[in-house]
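Every number in this text was worked out from the coordinates using simple rules, so none of it is lab data. Bear in mind that the values here come from a model prediction, so they are computed numbers and not experimental data. All Cβ positions, even for glycine, are placed from backbone atoms using ideal geometry, and neighbour counts span all protein chains on display.
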Amino acid sequence: MVEEAKKIQIFVFVPLSACGCNFTKFMDRMYAEFIPYNDFLDVQVKDIQGIEANSFLLFNNSVVVPNPPNRDKPLIFTSYLELRKFLKEIF
């Protein structure tokens with residue numbers, strides 16, 4: 001099993017104060033991409049209206065990889081297809 005410190009950190013930003021029906025489809029599609037790599041990812045759900053989301057300049061439901069391997073800046077995904085491509089590249 002991979003140690004916690006070596007897992008890739010992933011933030012899922014959605015409007016937590018809104019009805020879940022507003023972001024359920026987004027969450028389902030994104031989490032379907034995480035499942036094959038579950039042992040290698042540390043996924044956290046955060047509020048899109050929070051300070052941390054502002055630091056990434058987010059306005060829509062998004063997945064952020066703050067420290068992606070072999071890259072110097074965070075990656076932001078709004079599409080599960082883009083996320084799938086990234087995950088296949090690193091694993």
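Listed values, structure above:
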{"quantity": "Cα-based helix-to-principal-axis angle, 24-34 vs the chain, degrees rounded to 10", "calculated": "0"}
{"quantity": "In degrees, nearest ten, helix 80-90 long axis to first principal axis of the chain (Cα)", "calculated": "20"}
{"quantity": "Contact order normalised by residue count of the chain, Cα under 8 Å, 6+ apart, percent", "calculated": "35"}
{"quantity": "About the Cα centre, charge dipole magnitude for the chain (Lys/Arg +1, Asp/Glu -1 at Cβ), debye", "calculated": "260"}
{"quantity": "Alpha carbon convex hull of region 20-91, projected area averaged over orientations, nm²", "calculated": "5.0"}
